[in-house]
1. For region 452-467, name all the residues that are under 23 Å from residue 438 (Cα atoms) and touching a Ser or Thr at 6+ places or on another chain (Cβ under 8 Å).
2. Is there a residue in region 65-80 that is within 10 Å of residue 115 (Cβ to Cβ), outside any loop (DSSP other than H, G, I, E, B), at pLDDT 95 or above and of a type in the set (Gly, Ala, Ser)?
3. Of all residues being in contact with a Leu (Cβ under 8 Å, 6 or more places away or on another chain) and over 19 Å from residue 193 (Cβ atoms) in region 380-400, which is surrounded by the fewest Cβ atoms within 10 Å (Cβ to Cβ)? Just the residue, please.
4. Being under 30 Å from residue 440 (Cβ atoms), outside any loop (DSSP other than H, G, I, E, B) and open to solvent by 10 Å² or more (accessible area, probe 1.4 Å) narrows it down to one residue among 18, 88; which is it?
5. Sort out which residues of region 297-315 are closer than 19 Å to residue 325 by Cβ and at pLDDT 95 or above, and write them in order of number.
6. Any residue in region 419-427 that is over 24 Å from residue 543 (Cα atoms), out of contact with any Phe, Trp or Tyr (no Cβ under 8 Å at 6 or more places or on another chain) and among the hydrophobic types (A, V, I, L, M, F, W, C)?
7. What do you reckon, is residue 39 touching a His at 6+ places or on another chain (Cβ under 6 Å), assigned to a loop (DSSP other than H, G, I, E, B) and either at pLDDT 95 or above or open to solvent by 40 Å² or more (accessible area, probe 1.4 Å) (or both)?
8. Which of the residues that make up region 41-81 are aliphatic (A, V, I, L, M) and under 22 Å from the mean Cα position of the chain (by Cα)?
Amino acid sequence: MGKNLTQGIEKAPQRSLYKALGMTDEELNKPLIAIISAKSEIVPGHMHLDKVAEAVKAGVYAAGGTPFVIPSIGVCDGIAMGHAGMKYSLPSRELIADSVEAMLIGHAFDGVVLVPNCDKIVPGMLMGALRVNIPTVVCSGGPMESGVVHGKKASLSTMFEAVGAVSAGKMSLSELKDMENKCCPGCGSCCGMYTANSMNCLMEALGIALPGNGTALAVSSDRIRLAKEAGKTIMKAVADDVTPRMILTREAFENAIATDNAIGASTNSVLHLIAIAAECGVELTYDMFAKASAKTPNLCKLSPATEYDMDALGKAGGIMAVLKQLGDHGLINGGVRTVSGRTLAEEYAESEILDPSIIHTVEEPLSPTGGLAFLKGNIAENGAVVKRSAVRKEMLTFTGTAKCFDSEEEAVSAIMAGKIQAGNVVVIRYEGPMGGPGMREMLSPTSALVGMGLDASVALITDGRFSGATRGAAIGHVAPEAAQGGKIAIIKDGDKIKIDIPAGKLELEVSAKEIAARLKKLKPKDSNPTGYMLRYAHLVTSADKGAVMKKKF
């Protein structure tokens, strides 16, 4: 593609603009490689991406290419959490995808290395690259080191939970301040198996990123070497004309779904895998995830479910060791191709588990079923999602009394005021993709419940979603959502709700006649969005479709 802009007499005007950038004729005769970096000074996960991008550039130059760094936006979910800013987090994925598409086509690049790190940036960049379908490599910025407070590991999830602990009188303000200063020690994506790290690990399973992408720390020399290798790898992909749709086949997505369950990844990974697959013309459904969960054992339990972090996973053998376990037992297809030019099986062939307390074997798993569970019932006819690996055993089956709220803010106010008691099911609605709009992550209410010690006796269901840092019986992605007339909108305070995670059931224990009567009276709430969110609310699909934009409207 680059030669379309650099060769021939008629392209002299374009060459003059390249030369305004300082480009030489020699550089313009080489493949032109975009390095799309989410570097910014507002996102801890992105503050160091200029260093990663420079290392990618070095790899591209060393392998005979000409690199150009291009910026991308990125929202920090932790900073956006708990206020209107979170409404823009998931929708920013579509903005990123559109801008990547525009820049790659607008400048006729030959290949692209994506340098994201945090939640929506990883899938957004890849979605845009898939539309253009030029050779692509993902090279993330890597996870943050764990914080240490009073000799114990701490992270963003423990920080959010500490707010609830202070409200319950279980922690002092001085202890809170001490944790605030120590829990996030520097650059990188927050250190647990949250959404960012989940997606960066799944890039390895998809074969679009090199081994180590998900676990090599942001501050490590491993990360810089990995970035240089990514620069060299994109040049080989360009030479061999290997495009991402050749790699991201249905079999590759099935591998990612199995890995998702094995590592206990964030529920948001479901949204993003569905959305990425849609750009490849591959349809993923909740039923596919549910079937994979039923047959894939959970091999890892990381923060927020334990104190183990991404660094510990890397030292235990990383994602390649997990993939080898799955591959050796026929749970993934090792014959699929990867961006390195090797098959996935060749990539993980020499890997081994170095710490069986962190990566369990298939023979001795943490659980015989996967880390995610998918529920259906009269509340969620199209499905709902829960991170089963982060739910207490006593909450896997639970019947409670509904306490209903039409926004996250209302629910948080009630929780902090002590109005939620053991035996309640907190229902938060009108927070879906259309109804929010934007499908906010809701780490604040779930963390407050954990901090108050209520995660063993209170459940939460929502048509919104949760951070990967959430733990407890937090059931999200309820579809259809309230704004679409879904039955979550007709639940009343005092109604009984039955949750059976092992059986995949989510039921409102109200007669069919009463449900029909309530639906007749239902007038879904309108959030009256403006600006970009108005367009988003009209164009977005439901959570079970990945909350992508409609293809036809």
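The values are calculated or read from the model by the stated rules, or taken from the named source; none is laboratory data. These numbers come from a predicted model, not from an experiment. Note: ideal-geometry Cβ built from the backbone for every residue, glycine included; neighbour counts use all protein chains shown. For accessibility, only protein heavy atoms count, side chains too; no ligands or nucleic acids. Shrake-Rupley method; radii C 1.70, N 1.55, O 1.52, S 1.80 Å.
1. Scanning region 452-467 gives 460, 465, 466, 467.
2. No: zero hits.
3. Step one: filter region 380-400 for residues in contact with a Leu (Cβ under 8 Å, 6 or more places away or on another chain), giving 380, 383-389.
From what's left, over 19 Å from residue 193 (Cβ atoms): 380, 383-384.
Values: 380: 29, 383: 24, 384: 28.
Here the residue is 383.
4. Working: 18 fails: under 30 Å from residue 440 (Cβ atoms).
Of 18, 88, the one residue that is under 30 Å from residue 440 (Cβ atoms), outside any loop (DSSP other than H, G, I, E, B) and open to solvent by 10 Å² or more (accessible area, probe 1.4 Å) is 88.
5. Scanning region 297-315 gives 297, 298, 299, 300, 310, 312, 313, 314, 315.
6. Taking region 419-427 and keeping what is over 24 Å from residue 543 (Cα atoms), we get 419-424.
With out of contact with any Phe, Trp or Tyr (no Cβ under 8 Å at 6 or more places or on another chain) added as a condition, the list becomes 419-424.
Checking which are among the hydrophobic types (A, V, I, L, M, F, W, C) leaves us with 420, 422.
Yes, there is a match, as at least one residue in region 419-427 is over 24 Å from residue 543 (Cα atoms), out of contact with any Phe, Trp or Tyr (no Cβ under 8 Å at 6 or more places or on another chain) and among the hydrophobic types (A, V, I, L, M, F, W, C).
7. On the way: touching a His at 6+ places or on another chain (Cβ under 6 Å): yes; assigned to a loop (DSSP other than H, G, I, E, B): yes; either at pLDDT 95 or above or open to solvent by 40 Å² or more (accessible area, probe 1.4 Å) (or both): yes.
The answer is yes for residue 39.
8. At the first step, the residues of region 41-81 found to be aliphatic (A, V, I, L, M) are 42-43, 47, 49, 52-53, 55-56, 58, 60, 62-63, 69-70, 73, 75, 79-81.
42, 43, 47, 49, 52, 53, 73, 75, 79, 80, 81 - these are the residues of region 41-81 that are aliphatic (A, V, I, L, M) and under 22 Å from the mean Cα position of the chain (by Cα).
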